[in-house]
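Participant: The structure under discussion is supplied below as structure tokens; questions concerning it will follow.
The values are calculated or read from the model by the stated rules, or taken from the named source; none is laboratory data. Note that the structure is predicted; figures quoted are calculated from it, not measured. Cβ coordinates were reconstructed from backbone atoms using ideal geometry, including for glycine residues, and neighbour counts include every protein chain displayed. Surface areas here come from the heavy atoms of the whole protein model, side chains and all, with no ligands, DNA or RNA. Shrake-Rupley method; radii C 1.70, N 1.55, O 1.52, S 1.80 Å.
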Amino acid sequence: MEKHDNIILFNRLVYFFWILLAGGLIYLQVIKYDYYLRLSKKNFIRRIPIPAPRGDILDRKLRPLAGSKLSFNIVINPRTKNKENSFRLLAKLLKTTPKKIQRRYRLNYFGPYRPVVVAREVSKALAFKIEELRMVYPQIGIQPYPKRIYSYGPMLAHVLGYIRAISKNKFKRLKDYGYKPRDRIGAEGVEKSYEAYLRGRDGWIELAVDKMGRPVEVLGGKDPVKGEQLVLTVDKDLQEIVYGKLKGTVGSVIIMDPYTGEILALANWPSYDNNTMVSPRSKEIAEIFSNPLAPMLNRAIAGLYPPGSTFKLVVATAGLDSGLITPSTKFYCPGYLELGGARFGCAHIHRQEVLEDAIAHSCNVYFYHVGLILGADRIFLYGKRFAFGEKTGIDLPGERGGILPSREWKKKHFSQPWFDGDTLNFSIGQGYLLATPIQVLRMAAAIVNSGKMVRPFVGLFSGNVRINPVQTKDLMLDEDVLKWVKDGMKKAVSSPEGTAHILADLRFTSVAGKTGTAQSQPGKPAHGWFVGYFPADKPRYVAIVFLEYGKSSFFAAKLLRSIIVEMHKKGMI
Amino acid sequence: MGRLVYKYRFFFWGLLLNGIGLLTLYSALNYKGKVVYEMLLAKQIIWALIAWVVFWVTASIDYHYWKGVVAVSYVLSILLLILVLVIGDVRYGARRWMSIGGFVFQPSELAKVSFVLTISYILSIPRKINIKWLIIGIILTLFPAILIAMEPDLGTSLTLVPIAVAVFLSSGLSWRWIVLGVFSGVASMPIAWHFLKDYQKQRILVFLNPTKDPLGAGYTVVQSRIAIGSGGFWGKGWLSGTQNKFNFLPERHTDFIFSVLAEEWGLVGSILIIFAFASLVSNTLALALNCRDRFARHLSVAIGTYFFIHAFINIAMTCGFLPVVGLPLPFMSYGGTSLLMSYFLLGILQSIARDVDKI
């Protein structure tokens, strides 16, 4: 029967379709199972990073210098429809235009599963308001994060540095160490040099969310781990005095422990507010960068200047140590020295002088003679022994080594032979010689510390672990030699004709040191130097004051005087 | 026991699917450990209870009785279809629903059942189909099909075609003609494209490439596929489907109930559902083979096709094998009209079986 055959045929057709359907389900649920399982997890699992706070930075008496404060960013979840609504809503709350929010969104967009930051550091009140609005607008949210706070801003900016978003190149190098794009990383100061200690380990929380991105349940997570605490050698009170006194004068002041190399204070002026650098205030950041006085420059370790007469300490040591002069060697100063028809000047007519007086009066002619006796090669060797031309290895980024010239150096750079005139300039710390304040300070510290030269450092402890052992290098100098040099330094203060006599009238302490007034570029005022130590008989501190275009060493010595007076007032001396 | 199951085999399959459907519905209406739309679940249970009564009442009525109401029901359903185009509620851009005193229903659901009765009766008049009756049959199909398509509800409208075709076959039309018809249908598709609404074109385009617009029209299909695929062999467990409970599945209590089931019950569950539907359809077609009465045979074939076409298209659409059309899964999707009509058709089958099984 045809009708029955038709129904049987139809039945077979129906079976064929059922088998086709079952096959389709096997394909989806067995063959493509892994694929769809992954997609379903991606759908409902959101991993939200919890940024870890960086370690606090403390001074040597454990007073906070840098810490973290909870701040709030506004984010938009990229996997939502109707972003225009979010833009409009946020524009209203932030009193800006939707277009600006949209631009920030596009700028900060990273991937479909990462919330996009559209406003940074909003007020707590606004953050709470947005948390409430989340019930209605699940596409927006608040991302709490620990904001870096520097308690003293410019005062310590050159020591602490700041943090900023990781650059693309740096990220490529560091991604194996757990860095993520847009992480913040130490950019200057100890924030950079101790990044590995200070950096915390970010945590995360895994949430199950619904279609609207609303969290439904917590699936798991890991708590963030705060970075290690960093204790610095810096004394906050001393730093406050030093920065306060320097403020308004371009230059640097460093105070160091001559026996260990611990930096007790390090200040430059102008400085910058490192809090600005971690804030979304691009205009102010641009102002810092465009300032002609270069406030970002850490002059104490990266500014290169002729050390001037402070270098006479090296020349004196060289003369005595090599036995070519004795403390009683005399030279006559008529106010100048004539060499090859040129006159090399001196500040005064000192007449007959011995070494002690020559140091105290900073007589150029005396040191011209010593220089000529020593010769440029020997001065170079002693300069090298005091590690001029080399970085001190201080644990701050950006240090520069300066220039310690020699015959070879001059030939290489100027294709000229070395002249005796060069030797004369070299003898009084002028000419090609360029040094950083920290180098000059370290040289003086070695004279104080029985010829043992320290490596300066600012990082004392990370957690409970000492991070910088005291490193000294013995310069193999005779104790007598050092005593004779120190006698000259003492006399520079104590003698009424001494160049640093302004420091003499301190009743509570005695200071010893060497001044330097170094010629800068033609037509510009000279740089002022003073490097010294106090108390003179039992030195506790070695200090350097450098004033860029400061006209004269007098102002440098005067500045140190005001610092020491203040230290006395605060009971530090 | 086995005899009892056999005797009420149609009701048995309906009840099995209905039971699994209610469990799945319970899960689909669950959010954060609570049933959020208790009303919907309660309503569906009440509808099921009413539907069982409808089944027993229909089963106890001699199926020949329905010959008498064919004309009235056909005309009435056509009028309702016209009425819904005029005063129907617009939802999702289509005029498909009608509310009479708080009671909301789709006239197209009634029209489908009325069409099953009508086409079966009309073609039981001649001994064997000829050109005249074929044309009458086609005209009777086109009226409701065009009206439903105008709502627009192309999916429902197209379900009438296989039912009509099946009854043509049952009344002796050579399958060669059917093949010819299918071919000419396929050939005319480019012309039909112009008559489709934008959203229908959109749906077909999205069906061909569902990931093109994941948050737009293709979203439903993508999420449904993810739900089904991620269910795997054993499923994620009842109440534990992440696509379901975290609200990624739209329409999951109605047209997309199968994706909830497949996600939570896995391949085991989905094959069970296909097996149940296949058994129901197969039992129905087997019944048709044993019918001496032409009307009974056509009815069985039409009803079998009705269940087949709904189950097949609905499941294939949730899997993304076919474009999304608004067809419910019989016995499982939420909705009173569909449930009532399904049990009504089972009742007719039971009534025919009583006659046939006696012999």
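Participant: Would you point out the residue of the range A:42-79, among those that are among the polar types (S, T, N, Q) and open to solvent by 20 Å² or more (accessible area, probe 1.4 Å), that is modelled with the highest pLDDT?
Facilitator: A:68
Participant: On the given criteria, is residue A:407 in contact with a helix residue (DSSP H, G or I) (Cβ under 7 Å, 6 or more places away or on another chain) and open to solvent by 50 Å² or more (accessible area, probe 1.4 Å)?
Facilitator: Considered against the rule, which asks whether it is in contact with a helix residue (DSSP H, G or I) (Cβ under 7 Å, 6 or more places away or on another chain) and open to solvent by 50 Å² or more (accessible area, probe 1.4 Å), residue A:407 comes out as yes.
Participant: Still on this model: Which condition from (1) assigned to a helix (DSSP H, G or I); (2) surrounded by 21 or more Cβ atoms within 10 Å (Cβ to Cβ) is the one that residue B:63 breaks?
Facilitator: (1)
Participant: Here is a check on your reading of the model: is residue B:162 within 22 Å of residue B:314 (Cβ to Cβ) and either within 14 Å of chain A (Cβ to nearest Cβ) or surrounded by fewer than 20 Cβ atoms within 10 Å (Cβ to Cβ) (or both)?
Facilitator: yes
Participant: Further question: Regarding the range A:193-205, can at least one residue be identified that is touching a residue at least 24 places away in the same chain (Cβ under 8 Å), under 25 Å from residue A:243 (Cα atoms) and not hydrophobic (A, V, I, L, M, F, W, C)?
Facilitator: Yes.
Participant: Here's a follow-up. Looking only at the range B:323-359, count every residue that is over 13 Å from residue B:306 (Cα atoms), assigned to a loop (DSSP other than H, G, I, E, B) and either open to solvent by 20 Å² or more (accessible area, probe 1.4 Å) or touching a helix residue (DSSP H, G or I) at 6+ places or on another chain (Cβ under 7 Å) (or both) and tell me the total.
Facilitator: 8
Participant: Report, ordered by the first and then the second residue, all pairs with beta carbons closer than 6 Å, sequence separation of six or more or different chains, a first member in the range A:33-52 that is facing chain B (nearest Cβ under 7 Å), and a second member that is of a type in the set (Ser, Thr, Tyr) and open to solvent by less than 70 Å² (accessible area, probe 1.4 Å).
Facilitator: Every condition considered, the pairs that remain are A:36/B:230; A:37/B:230; A:40/B:230; A:40/B:242; A:44/B:242.
Participant: Let me ask you something else. So is residue B:129 in contact with a helix residue (DSSP H, G or I) (Cβ under 7 Å, 6 or more places away or on another chain), surrounded by 15 or more Cβ atoms within 10 Å (Cβ to Cβ) and either within 24 Å of residue B:150 (Cα to Cα) or at pLDDT 90 or above (or both) or not?
Facilitator: No, not satisfied.
Participant: Tally time: how many residues in the range A:543-573 are in a helix (DSSP H, G or I), in contact with a helix residue (DSSP H, G or I) (Cβ under 9 Å, 6 or more places away or on another chain) and aromatic (Phe, Trp, Tyr)?
Facilitator: 1
Participant: Within the range B:85-124, track down each residue that is among the aliphatic types (A, V, I, L, M) and either open to solvent by 80 Å² or more (accessible area, probe 1.4 Å) or closer than 24 Å to residue B:44 by Cβ (or both).
Facilitator: Listed by number, the residues that qualify are B:86, B:87, B:90, B:94, B:98, B:100, B:104, B:110, B:111, B:113, B:116.
Participant: Being touching a residue at least 40 places away in the same chain (Cβ under 8 Å) and at the interface with chain B (Cβ under 9 Å from one of its Cβ atoms): is that true of residue A:26 here?
Facilitator: It is false that residue A:26 is touching a residue at least 40 places away in the same chain (Cβ under 8 Å) and at the interface with chain B (Cβ under 9 Å from one of its Cβ atoms).
Participant: Working only within the range A:90-118, note down all residues that are closer than 22 Å to residue A:145 by Cβ, part of a helix (DSSP H, G or I) and among the aliphatic types (A, V, I, L, M).
Facilitator: A:90, A:93, A:94, A:101, A:107
Participant: If you don't mind, there's one more thing I want to ask. If you go through the range B:225-249, how many residues are farther than 19 Å from residue B:324 by Cβ and open to solvent by less than 10 Å² (accessible area, probe 1.4 Å)?
Facilitator: 5
Participant: In addition: Answer yes or no as to whether residue B:239 is touching a strand residue (DSSP E or B) at 6+ places or on another chain (Cβ under 9 Å), more than 7 Å from chain A (Cβ to nearest Cβ), of a type in the set (A, V, I, L, M, F, W, C) and not in a helix (DSSP H, G or I).
Facilitator: yes
Participant: Another question, then. Looking at the range A:166-181 only, could you name the residues that are aliphatic (A, V, I, L, M) and either exposed (fewer than 10 other Cβ atoms within 10 Å of the Cβ) or closer than 17 Å to residue A:114 by Cβ (or both)?
Facilitator: To start, the set of residues in the range A:166-181 that are aliphatic (A, V, I, L, M) comprises A:166, A:174.
Once the filter is applied, which keeps residues that are aliphatic (A, V, I, L, M) and either exposed (fewer than 10 other Cβ atoms within 10 Å of the Cβ) or closer than 17 Å to residue A:114 by Cβ (or both), the range A:166-181 yields only A:166.
Participant: Which condition breaks for residue A:440 when tested against (1) more than 21 Å from residue A:536 (Cα to Cα); (2) touching a helix residue (DSSP H, G or I) at 6+ places or on another chain (Cβ under 9 Å); (3) surrounded by 17 or more Cβ atoms within 10 Å (Cβ to Cβ); (4) not small (Gly, Ala, Ser)?
Facilitator: With (1) more than 21 Å from residue A:536 (Cα to Cα); (2) touching a helix residue (DSSP H, G or I) at 6+ places or on another chain (Cβ under 9 Å); (3) surrounded by 17 or more Cβ atoms within 10 Å (Cβ to Cβ); (4) not small (Gly, Ala, Ser) applied to residue A:440, the lone miss is (1).
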